[in-house]
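Visitor: Just dropping this structure here.
The values are calculated or read from the model by the stated rules, or taken from the named source; none is laboratory data. Just so it is clear, the model here is predicted, and its values are computed rather than measured. Here Cβ is always computed from backbone atoms with ideal geometry, including for glycine, and neighbour counts include all displayed protein chains. These accessible areas exclude ligands, DNA and RNA; they are computed on the full protein's heavy atoms, side chains included. Shrake-Rupley method; radii C 1.70, N 1.55, O 1.52, S 1.80 Å.
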There are 2 protein chains.
Amino acid sequence: MEKKRFLITGCSGFVGRHFLNCLYEKKEQYDILGIDMKAPAFDVSVYADRLHIDFCKVNLLDRDRLCEVIESFRPRYILHLASFSSVAYSWQHPEDSFVNNTNIFLNLTGVLKELKLPCRVLSVGSSEEYGNVQSEDLPLRENMHLQPVSPYAVARVSQEMLAKVFVDSFGLDIILTRSFNHIGPWQDERFVVPSFIRRILNISQSGCTEGEIETGDTTIVRDFVDVRDVVEAYYMLLMHGTAGEIYNICSGRGLPLSDIVSQIGKLCGVRVHTKVNPDFVRPSDNREVIGSYDKIHAELLWKPVIPWEKTLSDMVACMSGQDGSN
Amino acid sequence: MEKKRFLITGCSGFVGRHFLNCLYEKKEQYDILGIDMKAPAFDVSVYADRLHIDFCKVNLLDRDRLCEVIESFRPRYILHLASFSSVAYSWQHPEDSFVNNTNIFLNLTGVLKELKLPCRVLSVGSSEEYGNVQSEDLPLRENMHLQPVSPYAVARVSQEMLAKVFVDSFGLDIILTRSFNHIGPWQDERFVVPSFIRRILNISQSGCTEGEIETGDTTIVRDFVDVRDVVEAYYMLLMHGTAGEIYNICSGRGLPLSDIVSQIGKLCGVRVHTKVNPDFVRPSDNREVIGSYDKIHAELLWKPVIPWEKTLSDMVACMSGQDGSN
C-alpha cells in the first residue's frame, strides 16, 4: 500500500511542528512535504524512522511554483496552516491580511481545481471570525451569525465562504475549522501565555519569589486549547470530516487570564502581581469567548484531553529548558 | 456656500451616467470628479450649465495615484460604483474578483483614513450577496443570513464586512447598499433585458411580426428596479443615510423573465416565442429573488416610482434611436 501523502503549508510554525509530532505518534509511515517561506527552526531528522519529510521554500502567492510543487508531490491530504494571522498588523495593513489569507487560499484551491487531484484540504480558520459576541451567545456554535471586527477576521470569513462555494460548485474536498486560542510547548513568545511564562521565569531565575509583570486586562476570559489536542483534531478531520463543514476546535471552557498568571506563578514558585498597562488593553475586545466542540465530538468523538494545568507545566518546562528541546 | 463635491468611481458606466443625470435634475450646482479606467462614452458637456464635471483616468489599484487625486479634489461625497461585477467571470478568475472589488475598496478606504477627510462614501453592493434563498425567506431583508454562492458574491460580502469594521473602528463614514438587478436606458446589451430588446427589435426591424429568440430559463423571477430610481436612492443615502447601515435597493416586486419578454414584444409589435438554450441556463440559480425596501423607505421615505412597463418602453425607445441619445 502506498504511504499516505501529506502536504503541510506553513509547516515551519508552531502548529506544523506539533502536527508532525502527531503523525509520528500514529506509528505509521507517511510521506510529508512541508512548505513555508522559511525553513523549520526545529530538527525534522528526529522523525526520520517513520516520517519521510521533505521541505520546500514556497511563496504561496507564486501560483505557478505552487502548482509545480503540488503536481509533483501529488498529496492526498493538505493541512493548510499558512496564514498571516496578526490581528494587530491587519489594522495597519488590511490589504496584506487579504493577500496573505484570501489570495493564497485562492491560489491553493485554483491549483487543485486545475490539477483535478483527489485531495482533501483542511482549511484552518479562527475563532476571531465570530467577532463581537454577547454572553448569551456562549458557548459559540458553528451556525452562529458572524460579526468579524478586524480586517484579519474578515479575511478569514472570506476564506471560509470561498471554501464553501468551491465545495458546492467545483466539488473540491475542503473541510474547515474555527480554531480557538491554542497554547503549548514551542509557542512563540510574542503570544500572551508564553510571554507571561518568560517574564515569570525571569523573576524566578533572578532568585526572587515575588515580582510584578505588566499585562493587559487579565479579567477577560478565553478558551485556551492545547495545541496537541488541536493537531489531533486536524488529523481526525482530514481522515473523517465532512467536506464543506465547519468545526470549532476549542476546549469548551473559559479561563480568565488571571488564573493562567497565578498557575504559572505557582509552577515557577513566584508570587506574581500584575499591573495593567493601558497600552496592552484592546478596547474592543470581547469580555468572554468560549466555544462549543459539540459538533466535532458528535461526528468524530474528538474532545480535548489535556488539562490546562498540564499544558502550562509542559510550557514552563520547555521554556526553562527542562525538556531539552527548547 | 461652497458647491457640493462628488467623486464618482466607475463613473463611465451606465449607473454613473444616470447619477450625473440625477444630480443635474436637482437644479443645484455641483463639482464632480469622475474616475474610471476608461473615459465616458457619453457626452458630459450637456450638463455643463449646472454640473462642473472633470474626468480622470485612474486605476483604483494604484493607491498612490488615488491618494493624489482624492487629496487634490477633496470630495465631500464618494459614490463608489467601480466594481468587477461579472459573476460568470468570477468563476473563471476568482482572484480577479477579489482584487477588483475588495482590494480597490481597501485602497479607497485606506486613502480616506490616511487623509482624514470628512467624506461620506456610498459603497454599492449587490443582491448576489444573499446567495441561496428559499421562497420562505422572501422578500429578502438586510438582516438575513448571507449565503454567497459565487466568488463575486463572496468578494462583495467581504467588502461589506470590511466597511462595517472601518466604520466601527476608524469612524469612517460609509453607507452600504445591496442593489438588485437594475435596468434602464443606456444599459449594455450584454445584460439580459437589453439583449432581449435588441433581438426583438431586430425581428421587428426586419419587417416580421412574429419570431423566436433563444433564452435561458424565463420562468425565474427577479426583482428589477429602474436605474433612475436606484440613483435617486443613492443620492438620498449620501445625503441622509446612516453610517455603517446596509440598505436594499429594489422594487419589492418579482417579475418572471417571461413577462418582460412579452411586454417587449408588445412594445415592438412582435409576437415572441422563446426557445430555451441550455447553455444560457445557470444550474445553481435561485428560482425567485425579491427584495424588501422597507428599511430605506422607513428611514428616508425612498420608494421606487417608475413602473416597469415605462422602464421597458424607455429602453426600447432608447435602443431604437427614438430618444436621440443612443
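Visitor: So, of the residues in region B:130-151 that are touching a residue at least 24 places away in the same chain (Cβ under 8 Å), open to solvent by 10 Å² or more (accessible area, probe 1.4 Å) and not basic (Lys, Arg), which turns out to be farthest from B:Tyr293 (Cα to Cα)?
Guide: B:Val149
Visitor: Only one of (1) at pLDDT below 95; (2) in contact with a Cys (Cβ under 9 Å, 6 or more places away or on another chain) fails for A:Asn286. Which number is that?
Guide: (2)
Visitor: Here's something else I'd like to know. For residues that are open to solvent by less than 40 Å² (accessible area, probe 1.4 Å) and either more than 24 Å from A:Thr177 (Cβ to Cβ) or touching a helix residue (DSSP H, G or I) at 6+ places or on another chain (Cβ under 9 Å) (or both), tally how many sit in region A:260-305.
Guide: Summing the residues that are open to solvent by less than 40 Å² (accessible area, probe 1.4 Å) and either more than 24 Å from A:Thr177 (Cβ to Cβ) or touching a helix residue (DSSP H, G or I) at 6+ places or on another chain (Cβ under 9 Å) (or both) in region A:260-305 gives 16.
Visitor: Please list, ordered by first then second residue, the pairs with beta carbon atoms under 6 Å, 6 or more apart or interchain, first in region A:6-34 and under 21 Å from A:Phe180 (Cβ atoms), second assigned to a strand (DSSP E or B) and open to solvent by 10 Å² or more (accessible area, probe 1.4 Å).
Guide: Every condition considered, the pairs that remain are A:Gly10/A:Asp36.
Visitor: Look at region A:43-74 and say how many of its residues are within 11 Å of A:Cys11 (Cβ to Cβ) and either free of Cβ contacts under 8 Å to residues at least 12 places away in the same chain or surrounded by 16 or more Cβ atoms within 10 Å (Cβ to Cβ) (or both).
Guide: Result for region A:43-74: 5.
Here is a yes/no grid of residues against (1) touching a residue at least 60 places away in the same chain (Cβ under 8 Å); (2) within 14 Å of chain B (Cβ to nearest Cβ); (3) out of contact with any helix residue (DSSP H, G or I) (no Cβ under 7 Å at 6 or more places or on another chain):
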| residue | (1), (2), (3) |
| --- | --- |
| A:Leu79 | yes, no, no |
| A:Ala88 | no, yes, yes |
| A:His93 | no, yes, yes |
| A:Thr102 | yes, yes, no |
| A:Leu106 | no, yes, no |
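Visitor: Next question, about the same structure. Identify the residue in region A:199-215 that is open to solvent by 60 Å² or more (accessible area, probe 1.4 Å) and part of a helix (DSSP H, G or I) and, among all such residues, is farthest from A:Asp259 (Cα to Cα).
Guide: My answer is A:Gln205.
Visitor: Please give the number of the condition B:Val165 fails out of (1) touching a Ser or Thr at 6+ places or on another chain (Cβ under 8 Å); (2) in contact (Cβ under 8 Å) with a residue 60 or more places away in the chain.
Guide: (2)
Visitor: For B:Ser90, work out the one condition from (1) under 30 Å from B:Asp279 (Cβ atoms); (2) surrounded by fewer than 22 Cβ atoms within 10 Å (Cβ to Cβ); (3) hydroxyl-bearing (Ser, Thr, Tyr) it doesn't fulfil.
Guide: Of everything listed in (1) under 30 Å from B:Asp279 (Cβ atoms); (2) surrounded by fewer than 22 Cβ atoms within 10 Å (Cβ to Cβ); (3) hydroxyl-bearing (Ser, Thr, Tyr), B:Ser90 misses just condition (2).
Visitor: Would you pick out the residues in region A:108-137 that are among the small types (Gly, Ala, Ser) and within 13 Å of chain B (Cβ to nearest Cβ)?
Guide: Within region A:108-137, A:Gly110, A:Gly131 meet the criteria.
Visitor: Shifting gears a bit: Please note which helices (runs of 4 or more DSSP H) are completely contained in region A:92-183 and include at least 2 residues that are touching a strand residue (DSSP E or B) at 6+ places or on another chain (Cβ under 8 Å) and modelled with pLDDT of 95 or more.
Guide: In region A:92-183, the matching helices (runs of 4 or more DSSP H) lie at A:104-115, A:151-170.
Visitor: Could you say whether any residue in region A:55-64 is closer than 19 Å to B:Ala155 by Cβ, touching an Asp or Glu at 6+ places or on another chain (Cβ under 6 Å) and within 14 Å of chain B (Cβ to nearest Cβ)?
Guide: No; the residues of region A:55-64 include none that is closer than 19 Å to B:Ala155 by Cβ, touching an Asp or Glu at 6+ places or on another chain (Cβ under 6 Å) and within 14 Å of chain B (Cβ to nearest Cβ).
Visitor: Now for a separate question. Against the conditions (1) facing another protein chain (nearest Cβ under 10 Å); (2) over 15 Å from the mean Cα position of the chain (by Cα), where does A:Ala153 fall short? Just the number, please.
Guide: A:Ala153 satisfies all of (1) facing another protein chain (nearest Cβ under 10 Å); (2) over 15 Å from the mean Cα position of the chain (by Cα) except (2).
Visitor: Of the conditions (1) touching a Phe, Trp or Tyr at 6+ places or on another chain (Cβ under 9 Å); (2) open to solvent by less than 70 Å² (accessible area, probe 1.4 Å), B:Asp314 clears all except one; give me its number.
Guide: Exception for B:Asp314: condition (1).
Visitor: Here is a follow-up. Given (1) more than 21 Å from A:Lys113 (Cβ to Cβ); (2) more than 9 Å from every other protein chain (Cβ to nearest Cβ), where does A:Val167 come up short, assuming only one miss?
Guide: It is condition (1) that A:Val167 fails.
Visitor: Mind listing just one residue for me: the one in region A:275-318 that is small (Gly, Ala, Ser) and over 19 Å from the mean Cα position of the chain (by Cα) and, of those, farthest from the other protein chains (Cβ to nearest Cβ)?
Guide: Here the residue is A:Ala317.
Visitor: Here's another thing I want to ask about it. Of the residues that make up region A:174-185, is at least one closer than 30 Å to B:Val167 by Cα and either of a type in the set (A, V, I, L, M) or open to solvent by 60 Å² or more (accessible area, probe 1.4 Å) (or both)?
Guide: Yes: region A:174-185 contains one or more residues that are closer than 30 Å to B:Val167 by Cα and either of a type in the set (A, V, I, L, M) or open to solvent by 60 Å² or more (accessible area, probe 1.4 Å) (or both).
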